[in-house]
Amino acid sequence: MSANAKLGWIGVGRMGYAMAERLARHGADLTVWNRTRAKAEPLSEVGARVADRITDLAGCDIVFVMVSTYEDVHEVIAGPQGLLSAGGAQPKLIVECSSISLEGSGELRALLAERHIELLAAPVSGNAKVIKAGRLSFVCSGPKSAFDAALPYLRMIGPAASYVGEGELARIVKICHNVMLGVVTQCLAEITVLAQKAGVPRHAFLDFMNQSVMGSTFTRYKTPAFVNLDFKPTFTPPLLRKDLDLGLDAGRRFDVPMPLTSITRDQVQTLIGHGTLDEDFAKLLVLEAANAGLTLSPENVPVGDGLAPSA
Ligand SMILES: NC(=O)c1ccc[n+]([C@@H]2O[C@H](COP(=O)([O-])OP(=O)(O)OC[C@H]3O[C@@H](n4cnc5c(N)ncnc54)[C@H](OP(=O)(O)O)[C@@H]3O)[C@@H](O)[C@H]2O)c1
């Protein structure tokens, strides 16, 4: 497959939109489809075609998928109205980027293999702002030839793509990654509330943490939300709960105790139980504060997130 392959893209939610936009801006031959068409329409301004029907993408060489759960992945690819439902033309390769289970990914690989379609499992690390900053990373598994075919396009989206081997290995890496995302966020919430209750403003506390050896790209880009309580969603509690559940399922399957994951999963469940469905999961901070008898207010201090947009 050449670097001028015809590309299809299914799913332009928070992540998919920003990823597809980068492909289009790099001049890729790209056709996008989204269940809610209106969300995809602005991509025509950067050179992508917007398809009316998902089956319009069946003639593409490579189709990328970025939806929510495995059920959704199955529906958009193999469902009664899915990509492969019309018969006839079909892609050579599907690059599946959603965060899904090992089992779901294996089932998908088997059903695509029956149709002689290769699958590259390619979940990602980073949110939409990370994508815009040109810092998204992929972890990939499947046939090495599929990775090589997809690599020029992965590189248009983000600088880092690690190939970790055959089959569904990328899924376990991504699950581990998101377990850390949840656990670190809960830890950051606990220590920020502890410091505040002891008298340290959140911006001052996080300024120190971010510059310390414990600071990271992640602690820096969550700092504006923690300081000024802007919970516009980058990643929602239901999606994080899905990933913590995937981590706990994998722990059961491989007989690995995951005590921190269990506790964090219940904190995220509590947040969801309080009705936080469409705000950012950083709202774990507010839950932790409430449990400590503290009502938080925005500090209204300008703080950077360490992410500058890049071409
Ligand atoms: N947000 C993050 O920071 C982040 C980071 C890394 C990985 N991820 C993973 O990336 C995936 C997408 O996350 P997101 O934050 O972009 O989610 P999102 O904003 O909720 O977008 C989900 C997308 O999937 C589509 N979709 C869902 N179910 C569908 C179905 N049954 N049929 C057709 N389309 C369907 C939605 O279409 P509509 O527009 O019609 O609803 C939308 O385009 C998830 O697996 C998530 O765990 C997210």
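Can you tell me which residues in the stretch 137-173 are open to solvent by 40 Å² or more (accessible area, probe 1.4 Å) and touching a helix residue (DSSP H, G or I) at 6+ places or on another chain (Cβ under 7 Å)?
163, 164, 172
For the subset of the stretch 54-77 comprising residues that are open to solvent by 20 Å² or more (accessible area, probe 1.4 Å), within 18 Å of residue 102 (Cβ to Cβ) and over 14 Å from the mean Cα position of the chain (by Cα), which member is farthest from the ligand (Cβ to nearest atom)?
Restricting to residues being open to solvent by 20 Å² or more (accessible area, probe 1.4 Å), within 18 Å of residue 102 (Cβ to Cβ) and over 14 Å from the mean Cα position of the chain (by Cα), the top hit is 74.
Of 260, 229, which residue is among the hydrophobic types (A, V, I, L, M, F, W, C) and open to solvent by less than 50 Å² (accessible area, probe 1.4 Å)?
From the options 260, 229, the qualifying one is 229.
Does any residue of the stretch 178-198 turn out to be under 24 Å from residue 64 (Cα atoms), assigned to a strand (DSSP E or B) and open to solvent by less than 40 Å² (accessible area, probe 1.4 Å)?
The answer is no, given that none of the residues of the stretch 178-198 is under 24 Å from residue 64 (Cα atoms), assigned to a strand (DSSP E or B) and open to solvent by less than 40 Å² (accessible area, probe 1.4 Å).
Residue under question is residue 119, and the condition is that it be in contact with a helix residue (DSSP H, G or I) (Cβ under 9 Å, 6 or more places away or on another chain), open to solvent by less than 30 Å² (accessible area, probe 1.4 Å) and under 18 Å from residue 73 (Cα atoms); does it hold?
yes
Can residue 49 be described as modelled with pLDDT of 95 or more, within 16 Å of the ligand (Cβ to nearest atom) and open to solvent by 50 Å² or more (accessible area, probe 1.4 Å)?
no
Going by the structure shown, is residue 299 open to solvent by less than 60 Å² (accessible area, probe 1.4 Å) and either closer than 18 Å to residue 189 by Cβ or among the acidic types (Asp, Glu) (or both)?
In short, yes.
Based on this model, can you work out whether residue 32 counts as at pLDDT 95 or above, away from the ligand (no atom under 13 Å from the Cβ) and under 20 Å from the mean Cα position of the chain (by Cα)?
No.
When you scan the stretch 78-108, how many residues do you find that are free of Cβ contacts under 8 Å to residues at least 40 places away in the same chain, out of contact with any Ser or Thr (no Cβ under 9 Å at 6 or more places or on another chain), within 14 Å of the ligand (Cβ to nearest atom) and open to solvent by less than 10 Å² (accessible area, probe 1.4 Å)?
Count: 1.
The values are calculated or read from the model by the stated rules, or taken from the named source; none is laboratory data. Just so it is clear, the structure is predicted and the values come from calculations on it, not from any experiment. Ideal geometry is used to build each Cβ from the backbone, glycine not excepted, and the neighbour counts take in all protein chains shown. To get the accessible areas, we keep the full protein, side chains included, count just its heavy atoms, and leave off ligands, DNA and RNA. Shrake-Rupley method; radii C 1.70, N 1.55, O 1.52, S 1.80 Å.
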